[in-house]
Each structure stands twice: as C-alpha cells, then as structure tokens.
1. Could you pull out the residue among VAL233, VAL244, VAL218 that is more than 15 Å from the ligand (Cβ to nearest atom), assigned to a helix (DSSP H, G or I) and in contact with a strand residue (DSSP E or B) (Cβ under 7 Å, 6 or more places away or on another chain)?
2. Would you check which residues across the stretch 18-55 are closer than 13 Å to GLN93 by Cβ and touching a residue at least 60 places away in the same chain (Cβ under 8 Å) and list them?
3. Could you go through the stretch 115-123 and let me know if any residue there is more than 30 Å from TRP66 (Cβ to Cβ), of a type outside the set (Val, Ile, Thr) and either more than 14 Å from the ligand (Cβ to nearest atom) or touching a helix residue (DSSP H, G or I) at 6+ places or on another chain (Cβ under 9 Å) (or both).
4. Looking only at the stretch 165-194, filter to residues that are more than 11 Å from the ligand (Cβ to nearest atom) and more than 17 Å from the chain's Cα centre (by Cα); which one of those is farthest from PRO227 (Cα to Cα)?
5. Considering only residues of the stretch 146-158 that are without any contact (Cβ under 8 Å) to a residue 40 or more places away in the chain and open to solvent by 30 Å² or more (accessible area, probe 1.4 Å), which is nearest to the ligand (Cβ to nearest atom)?
6. For the stretch 31-46, check the following and say yes or no: at least one residue is out of contact with any Cys (no Cβ under 6 Å at 6 or more places or on another chain), open to solvent by 60 Å² or more (accessible area, probe 1.4 Å) and hydrophobic (A, V, I, L, M, F, W, C).
7. Listed residues SER300, SER296, SER284; which is closer than 30 Å to VAL69 by Cβ, among the polar types (S, T, N, Q) and open to solvent by 20 Å² or more (accessible area, probe 1.4 Å)?
8. With respect to GLY22, is the statement that it is out of contact with any Leu (no Cβ under 8 Å at 6 or more places or on another chain) and either assigned to a strand (DSSP E or B) or open to solvent by less than 60 Å² (accessible area, probe 1.4 Å) (or both) true?
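The values are calculated or read from the model by the stated rules, or taken from the named source; none is laboratory data. Keep in mind the model is a prediction, meaning the values are calculated, not measured. Neighbour counts are summed over all protein chains in view; Cβ atoms, including those assigned to glycine, are modelled from backbone coordinates with ideal geometry. We work out accessible area using only protein heavy atoms, side chains counted, and drop any ligands, DNA or RNA first. Shrake-Rupley method; radii C 1.70, N 1.55, O 1.52, S 1.80 Å.
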Amino acid sequence: MQTPDSGLAACIDIGGSKALVGLVDRGGKILARERYPSPPGVEPAELVRRLGARVHTLAGAAGLDWQRVVGVGYSTAGMMDVERGIIFSSPNQGDWRDVPFMELLKREFQLPARIEMDANAAAIGEAWLGAGQGADPLVFLVIGTGVGSGILVNGRVLRGWNGTAGEIGHTVIDLAGPACNCGNKGCLESLVSGPAIARRARQAGSPAGEDELSAEAVFQAARAGDPAALAVVAETVELLSIGVTNLIHLLNPKAIILGGGVGQGGADLLLEPLKKAVSRRVGSWVDFDGTLIARSQLGSDAGLLGAAWLVWNELVKEIAT
Ligand SMILES: [Zn+2]
C-alpha cells in the first residue's frame, strides 16, 4: 500500500457539455488531465466502465503508476445523497433514478470513492487552492446554462436537511419576470443564466442575440461597443446584484466566487460593476468592504480539484485503516 503522501487521486468532473478526468497529487497538483465532450446519456454501469478505462489510459499515457492511486473523487450535476453515495437524478445523464453510484465507482476502480454535487465540489476546490482560500463562509456562485451555488460554512458543505440547499437560482427576484424551468416566474436563473442573457439581448434588438443562444456572443458585442449589448450587460449586473445582495444578507459570506460560463467568461464586464451595484444595494450595517467578490481562480479545474480534496480529506482515513 502506498502512503497517501506519494499517492494520487483519480478525479472525474462531468459537466453539461464537457467532462474532465485527472490525476491529482496530495498538494493539488494536476499531474495529468484530459478534457473531452460530456459522454452521452448511458446506463450508469456503462458510464463508470468507460470512466475507468479513460482514467487508466490517462495514467498510462502520463507514465503514472496506477498502484499510486488511492481513491476516486467524482463531481457532477444532480440530486444526490453524498453520504450514501446515491445519485437520485442527474440532468446531464438522462433518466437516472436512485443510482448507487459510489458503489459502482468502488467496484470498477477497486478503490474507495466519494461523490459530490458539482457546485459544492467547485466551492471546495476554490476554498482549497483558489480564490476562496481562508474565506468562510464561502459561496461559489455558478452562472452558466443554469444558476446555482455551493456554500461552505465552517469548512463544510451546507446541504440543508435533504440536500437541496444553495438553489439561489430559483429565488424570485422579479414578480413579473419570465417563466423559469422550475415553473415559477422571475427566478434569478430566468434572468441571468446564459440563455436568459441571450434572450434579453434578442428582445432588446441586439444582433448578438439573434443567431445563437449564447451569452458569450452578447459579451463579445458589448466589448465591441454595441449599445444594445452594453445595455443588456448593465441590466444583467443589476439583476445579479439583487441575487448577490440576498446571499450577503442571508449568509454574511467572506467570499463569493463567480464561476460558470457567464460568471467566469463575462467577469471582465460584470465583476467591477457588480461590486459597485452590490455596494449600493446592501445595507449600511453590512461590512461590504470585508466581503470578497471575485472570479474563480481555478476555472474549469475547480470541480476536479474539489473532487481531489474529497479523496485527500474524506477518504484518507478510510484508506489508512
Ligand atoms: Zn426557477
């Protein structure tokens, strides 16, 4: 048995469009990684079999001895019971119901395994090695195709009584707002997600919103000075500042880290105006200057590194016994 210090964590992060597998050492250094389009919806056992093959191949190609791998960390979107290792549903993987995913990973890899929700894993990654080091409470606010968050309080994921805490995307910020996927109107997600930004740009007559459902096209047009796109960005900042102010009042977080395609990709346009808007909106009794609002430092590696942290901090005891 290798000691954990010389060991490697096998890490997997399955997103909506991209998947990432990697081998990470105890210090958080990614010794090998492979990014590829997310696998199509397949049966859980088949997905795990493919992931096993992929990670083994990655280790081999990088010249890393598989005997050094001590555990598996897995991050993905979905509803899950992390302690029992059961994924109740996973929107990116099709119609899964109550899948004992941790057991499948253990069986395939013949190693201990942990699973985590993607926003929580990213929050853990940023707290460990990224923009949120030393910050507690910490919120990782994901703004992409959807809007969600991972919240750490006292160094632990805030889950709520059955795992649904952090759904900031479905807090209503505009009673007369557009319909949301959840059935309500005016949810934060229905206004500042990538598709929502593109839709508002279309409604504002910006050419950037016409062809594709892409917030990035709107951001590009704004960078080029398109007035309609700039107005959409300014409105996005105001809408987002309501959500961020709500987070501040609810949690008094030390740091709010922005991630996801919009939060990360649009940070050059959104971040500084957002800080000003939140500062204007938040109550005078709140020490806003002491709250860090920053873009993700780890970018697309945040979830992978969060998965590695799980191996080093939650599995090492299990491994040692
Ligand atoms: Zn909603």
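1. Values: VAL233 fails: in contact with a strand residue (DSSP E or B) (Cβ under 7 Å, 6 or more places away or on another chain); VAL218 fails: in contact with a strand residue (DSSP E or B) (Cβ under 7 Å, 6 or more places away or on another chain).
Answer to the check: VAL244.
2. Going residue by residue through the stretch 18-55, those that are closer than 13 Å to GLN93 by Cβ are 19, 38-48, 50-51.
Result: PRO44, VAL48.
3. Here is the first cut: in the stretch 115-123, the ones more than 30 Å from TRP66 (Cβ to Cβ) are 119.
Among the residues that remain, those that are also of a type outside the set (Val, Ile, Thr) are: 119.
After this cut, where a residue has to be either more than 14 Å from the ligand (Cβ to nearest atom) or touching a helix residue (DSSP H, G or I) at 6+ places or on another chain (Cβ under 9 Å) (or both) as well, the list is 119.
There is at least one residue in the stretch 115-123 that is more than 30 Å from TRP66 (Cβ to Cβ), of a type outside the set (Val, Ile, Thr) and either more than 14 Å from the ligand (Cβ to nearest atom) or touching a helix residue (DSSP H, G or I) at 6+ places or on another chain (Cβ under 9 Å) (or both).
4. In this case the residue turns out to be LEU175.
5. Here the answer is LEU158.
6. Checked the stretch 31-46: at least one residue is out of contact with any Cys (no Cβ under 6 Å at 6 or more places or on another chain), open to solvent by 60 Å² or more (accessible area, probe 1.4 Å) and hydrophobic (A, V, I, L, M, F, W, C).
7. Numbers: SER296 fails: open to solvent by 20 Å² or more (accessible area, probe 1.4 Å); SER284 fails: closer than 30 Å to VAL69 by Cβ.
Checking each option against the conditions leaves just SER300.
8. Numbers: out of contact with any Leu (no Cβ under 8 Å at 6 or more places or on another chain): no; either assigned to a strand (DSSP E or B) or open to solvent by less than 60 Å² (accessible area, probe 1.4 Å) (or both): yes.
Against the criterion (out of contact with any Leu (no Cβ under 8 Å at 6 or more places or on another chain) and either assigned to a strand (DSSP E or B) or open to solvent by less than 60 Å² (accessible area, probe 1.4 Å) (or both)), GLY22 does not qualify.
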